[in-house]
Amino acid sequence: MPDAISRRLWPAGLPCPNLKAIEFTPDGGELATEMESGARRTRRLYEGLPTTYTAQLVCNRIETAIFLSFYEEVAGTEFEIDVHSPFNLVPSTSRHRAQFIGLPKVSEAGAASWSVSVTLWLAEISVPDFDAIAFLAAYGSEAGRIANLFDQLVNDQLPSHMGAA
């Protein structure tokens with residue numbers, strides 16, 4: 001697996017897939033072992049489950065040419081992409097390892113636009129824990145925003161004011 005330094009970055013001029021508007025399929029992430037006696041044992045293969053996403057990008061003619069050139073260069077290897085994760089509690093992008101699965105489908109969507117359909121394998125998506133989801137369900141997204149601000153205050157700002165590293 002290539003390290004982060006040798007991975008290519010998603011071209012800056014291309015629109016990034018917004019994962020809020022697409023389907024996703026987690027890749028199991030477990031390895032089951034049948035035992036000679038007793039129940040089978042399973043273990044997790046990943047800390048964060050890799051997930052396969054399908055996305056539709058609407059590009060102009062130049063962006064489509066840039067995408068096809070980028071695809072040709074990185075097909076079969078990993079690259080890095082900043083995407084909007086549907087699981088983040090705050091609306092920001094986060095960087096993920098990615099790889100194209102299969103071939104892209106490119107079709108003309110209008111006079112000056114093209115539709116590009118891709119399937120991406122993404123790793124390192126952080127999913128909030130069960131307690132965070134239950135808190136949001138019980139108290140709403142505004143309470144979640146306040147909890148995030150409080151957490152940032154306690155963990156980031158107070159220690160620096162108190163002389164901690």
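When nucleic acids and ligands are ignored and a 1.4 Å probe is applied, Leu31 ends up with an accessible area of around 70 Å². Sorted largest first by accessible area at a 1.4 angstrom probe radius, with every protein chain in place, the residues His96, His84 fall in the order His84, His96.
The values are calculated or read from the model by the stated rules, or taken from the named source; none is laboratory data. Nothing here was measured: the structure is a model prediction, and the numbers come from that model. Keep in mind that these areas ignore ligands, DNA and RNA; they rest on the heavy atoms of the full protein, side chains included. Shrake-Rupley method; radii C 1.70, N 1.55, O 1.52, S 1.80 Å.
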